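Quick notes on the structure that follows.
The values are calculated or read from the model by the stated rules, or taken from the named source; none is laboratory data. Only a predicted model underlies this, so the values are computations on that prediction, with no experimental measurement involved. With ideal geometry, Cβ positions are generated from the backbone for all residues, glycine too; neighbour counts draw on all protein chains shown. Keep in mind that these areas ignore ligands, DNA and RNA; they rest on the heavy atoms of the full protein, side chains included. Shrake-Rupley method; radii C 1.70, N 1.55, O 1.52, S 1.80 Å.
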Amino acid sequence: MKFVYSFATIFMGLALGYAFNRLVKKGTIPVGEERAEAFRSGLQRSVLLFFSPLVFCGAVWSLDLSAARMFSLPLVGLSALVLGSLSGFIGTKLLALPPEQAGVYTTCSSFTNIGAIGGLVLFLLAGEQAFALLPFYKLFEDLWYYGVLFPIARSYGERAHPSASSTPRFGPMAGVLRVLRDPFFLVATSGIALGIGLNLAGIH
């Protein structure tokens, strides 16, 4: 039942979002597309900048940090992302895909939904203690996306459309710096750090 409930929750969220979008476009909900987009963006920012870091902080706060093996989870998570990208790259060669398709295939093979959908399923099936391990598992996810996958996607795009590559290059180092300055990344890591600090301080 937990498995059914988790996917029913995901489906309902997607269905409600789609229905709201369709009703706005048809004029049934007279808010206008610009206001609807602002509402959507506000919901997304509130989740990413407040609720998610707060949940991660509370989960890590209550976690038993005595098991040193949990600190290897960031490397396990990064290995999964790298393996996905390498598998996608090999697939592009086997399928002889053109650059614009190869870029999509290589990068999307590495993307995951571990933070949103995966996190919900993990919490419902395995509980809060298991969910508390999620921030450690996905610690390097944004650095990998912005520092590696986005530059890879750009290089494929430049190969597919050489005349459209007049904008400045977005290299790996620029991607890493962008992540380190990103407020979403900073807030998320701050939530994890605060949870670890409260945990180590012995505050219940």
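Values computed for the structure shown
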| quantity | calculated |
| --- | --- |
| Selection status of Phe56, among the aromatic types (Phe, Trp, Tyr) and in contact (Cβ under 8 Å) with a residue 12 or more places away in the chain | yes |
| Failed condition for Leu120, given (1) more than 14 Å from the chain's Cα centre (by Cα); (2) more than 30 Å from Ile90 (Cα to Cα) | (1) |
| Within the stretch 5-51, considering residues that are of a type in the set (Val, Ile, Thr) and over 23 Å from the mean Cα position of the chain (by Cα), the one surrounded by the fewest Cβ atoms within 10 Å (Cβ to Cβ) | Thr28 |
| The stretch 93-107: number of residues that are open to solvent by 40 Å² or more (accessible area, probe 1.4 Å) and among the hydroxyl-bearing types (Ser, Thr, Tyr) | 1 |
| The one condition in (1) free of Cβ contacts under 8 Å to residues at least 24 places away in the same chain; (2) closer than 24 Å to Glu141 by Cα; (3) buried (at least 16 other Cβ atoms within 10 Å of the Cβ); (4) not polar (S, T, N, Q) that Ala68 fails to fulfil | (3) |
| Among the residues listed as Ser62, Ser110, Ser85, Ser79, the single one being closer than 25 Å to Trp144 by Cα and open to solvent by 40 Å² or more (accessible area, probe 1.4 Å) | Ser79 |
| Odd one out for Ile90 among (1) loosely packed, with under 14 Cβ neighbours inside 10 Å; (2) in contact (Cβ under 8 Å) with a residue 60 or more places away in the chain | (2) |
| Residue in the stretch 83-95 that is modelled with pLDDT under 85 and among the β-branched types (Val, Ile, Thr) present | no |
| Which listed residue, of Ala38, Ala8, Ala59, is in contact with a Pro (Cβ under 8 Å, 6 or more places away or on another chain) and either of a type in the set (D, E, K, R) or modelled with pLDDT under 90 (or both) | Ala59 |
